[in-house]
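What follows is a single structure, written as structure tokens, with notes after it.
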């Protein structure tokens with residue numbers, strides 16, 4: 001099948017994958033935009049909110065590690081359909097927590113987060129290899145467009161959730177969550193019908209033990225661990241930081257800060273998809289990590305809120321290749337792995353976000369209790385925790401440098417050797 005005829009045959013597949021990427025992102029980033037209502041209505045602490053971040057990405061990490069093998073064995077379709085249904089169930093459970101367990105809502109929040117986050121993790125195992133393997137003149141472009149839809153999910157989670165909470169009131173946050181559940185319900189039926197590519201046959205696939213021991217994989221795992229944290233820590237804590245750390249109204253912070261971040265993240269990936277034929281992903285990832293060091297410093301220490309908002313957007317643009325680029329160079333370096341390499345590396349990214357999100361939550365509470373006299377405890381705790389978080393893009397830079405040597409970005413036709 002020629003690349004052009006393949007694109008025509010799989011156009012509906014790409015649309016379903018793009019919508020699934022949007023749903024995955026909106027789902028996994030929805031709860032941070034509810035942190036303030038949950039704190040006010042149910043008395044959750046920053047540590048408990050950080051625990052939801054940890055559970056969110058720990059569940060995704062577990063799904064990433066577990067489902068790579070079954071997807072290789074049984075194919076994409078049952079898992080594409082099942083992931084969408086599981087997100088519906090998880091969101092419904094999250095919305096029903098106040099009625100299912102009054103005064104013990106946190107228990108149900110955690111259980112629901114496990115369900116929809118594991119489904120989001122499963123999508124990470126599915127969407128990247130599907131879009132990367134569909135015949136096309138430039139498969140990287142399809143890959144980046146799908147991940148731009150992921151950025152669009154962050155944008156929508158920020159804008160739509162914030163505006164609906166503004167209109168309906170924070171006491172009706174469950175309605176917002178229920179409305180989000182309609183999208184995966186719709187996409188379930190799309191995945192029942194669309195054509196899906198075949199997976200690399202088992203006799204051609206690299207053995208798991210060999211993959212796990214390969215220096216390029218190990219380095220890519222660490223690179224995506226810190227790269228994903230660099231990118232998505234802003235999403236997990238940005239809304240709360242702007243409101244409680246800088247005193248911005250929630251609507252202003254979410255719309256001007258988080259939406260700007262997501263728009264710049266999507267714009268950078270779309271720009272690469274359209275104009276990136278001659279760009280080198282290794283250069284972009286090293287440069288983006290270094291830029292994020294300065295931008296995190298700006299977020300923590302900028303004297304004006306508008307500077308922080310600008311830094312949020314620039315972090316989105318500069319971190320845009322850290323997740324996607326690592327997947328591309330690693331998968332091209334180790335091509336005969338099916339869905340497994342995407343699942344394992346996505347697991348590394350999720351683990352990085354889970355650990356960093358929990359650490360920021362714990363540090364915020366720890367430092368708030370030790371705020372100097374005359375300083376707002378919440379403001380001091382969040383700003384100082386964000387300053388410490390500057391270490392994350394530093395570590396991302398350190399990991400990207402050896403990855404440049406072990407998995408250099410190339411655009412030559414055909415498969416790379418696996419040695």
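Of note:
- Residue in segment 132-142 that is at pLDDT 85 or above, farther than 17 Å from residue 187 by Cβ and buried (at least 21 other Cβ atoms within 10 Å of the Cβ) present: no
- Test: residue in segment 236-253 that is closer than 28 Å to residue 375 by Cα, under 18 Å from the mean Cα position of the chain (by Cα) and either surrounded by fewer than 18 Cβ atoms within 10 Å (Cβ to Cβ) or modelled with pLDDT of 80 or more (or both): no
- Residue under evaluation residue 196, criteria (1) farther than 23 Å from residue 249 by Cα; (2) assigned to a helix (DSSP H, G or I); (3) modelled with pLDDT of 85 or more, criterion not met: (2)
- A single entry from 49, 54 fulfils the requirement of being under 28 Å from residue 341 (Cα atoms) and part of a helix (DSSP H, G or I): 54.
- Residue match in segment 336-346 (condition: modelled with pLDDT of 90 or more, buried (at least 19 other Cβ atoms within 10 Å of the Cβ) and assigned to a helix (DSSP H, G or I)): yes
Yes/no per residue for (1) touching a residue at least 24 places away in the same chain (Cβ under 8 Å); (2) part of a helix (DSSP H, G or I); (3) surrounded by 16 or more Cβ atoms within 10 Å (Cβ to Cβ):
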| site | (1), (2), (3) |
| --- | --- |
| 80 | yes, yes, yes |
| 87 | yes, yes, yes |
| 107 | no, yes, no |
| 111 | no, yes, yes |
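- Within segment 91-105, being without any contact (Cβ under 8 Å) to a residue 40 or more places away in the chain and in contact with a helix residue (DSSP H, G or I) (Cβ under 8 Å, 6 or more places away or on another chain) holds for 93, 97, 100, 101.
- On inspection, residue 76 passes the criterion of being modelled with pLDDT of 85 or more and touching a helix residue (DSSP H, G or I) at 6+ places or on another chain (Cβ under 7 Å).
- Selection from segment 287-305 of residues that are surrounded by fewer than 21 Cβ atoms within 10 Å (Cβ to Cβ) and either touching a helix residue (DSSP H, G or I) at 6+ places or on another chain (Cβ under 6 Å) or over 25 Å from residue 157 (Cβ atoms) (or both): 287, 290, 291, 293, 294, 297, 298, 300, 301, 302, 303, 304
- Odd one out for residue 249, checked against (1) more than 21 Å from residue 387 (Cα to Cα); (2) in contact with a helix residue (DSSP H, G or I) (Cβ under 6 Å, 6 or more places away or on another chain): (2)
The values are calculated or read from the model by the stated rules, or taken from the named source; none is laboratory data. The shown structure was predicted, so the numbers you read here are calculated from the model rather than taken from an experiment. Here Cβ is always computed from backbone atoms with ideal geometry, including for glycine, and neighbour counts include all displayed protein chains.
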